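Worksheet: the structure to be examined is printed underneath.
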Amino acid sequence: MTGGITMEKKVLIIEDEGNLARFLELEFIHEGWTVTTAQEGRVGLQRALEEKWDIIVLDVMLPDLSGVEVCRRIRSESGVPIIMLTARDAIPDRVSGLDAGADDYMTKPFAIEELFARVRALLRRKRPNEGKILVNGPCRLLLEQRRALCYENDVRLTAREFDLFVFLMKNRDRVMSREQILDQVWGFDYTGDTNLVDVYIRYLRNKLSQAGVTDLIETVRGVGYVIRGLDDAD
């Protein structure tokens, strides 16, 4: 028994090799994990984005959608730790997986003890104070996990919505112009219409409103937007 892994954690295993998927499932269950499996890339991606996971084990070679692409799409929405598995040990394969956002990479065949050791290492990396945290009123942003919590409920944000929220939270009590927001959230080379900021502010406000948070983002007419500092919620 490998031991040392916290009970009641959730793992998603995306692996099309049936015997290996079943072996991993049984080993994680033995360690006290709640396990969900998927054998196709698109199915795995859907499940990855539907729920919150403590870790994802992702095979590179998958039917219909490669593991690298699955990883890239997950990473655009979530900071969940991802360990990629592959039968190929070529450096370009490892680089492509890591560049897509994977946290670690293992070549098949591997020892299950090593996999669990790497899982524990990734969980320890995420544990201290849940990483950097921004707090304002009832909302907390867990920067390393890329999670938004309001009244302790998850607010599902796209990558761009999250970056916009972070930028406004880091600059609370400072009125930020649309041009400043475009520069910092979309990049200095963005040449589109500043109305894009208004669209994403509306998206963000709607999702915060659904979580019970209203009037957090204030419009300063003719200038831009600001989040005012609030007392932390009890």
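The values are calculated or read from the model by the stated rules, or taken from the named source; none is laboratory data. Since we're looking at a predicted model, the values are computed, not measured. Note that each Cβ is placed from the backbone with ideal geometry, even for glycine, and that neighbours are counted across all protein chains shown.
Can you name every residue in segment 25-44 that is under 13 Å from VAL119 (Cα atoms) and either in contact with a Gly (Cβ under 7 Å, 6 or more places away or on another chain) or free of Cβ contacts under 8 Å to residues at least 60 places away in the same chain (or both)? Matches in segment 25-44: PHE28, TRP33. Of the residues SER66, SER96, SER76, the single one that is of a type in the set (S, T, N, Q), out of contact with any Leu (no Cβ under 7 Å at 6 or more places or on another chain) and either crowded, with 23+ Cβ neighbours inside 10 Å or under 24 Å from LEU143 (Cβ atoms) (or both) is SER76. The criterion of at least 2 residues that are more than 22 Å from the chain's Cα centre (by Cα), of a type in the set (Gly, Ala, Ser) and modelled with pLDDT of 85 or more is met, among helices (runs of 4 or more DSSP H) falling completely within segment 17-133, by 18-30.
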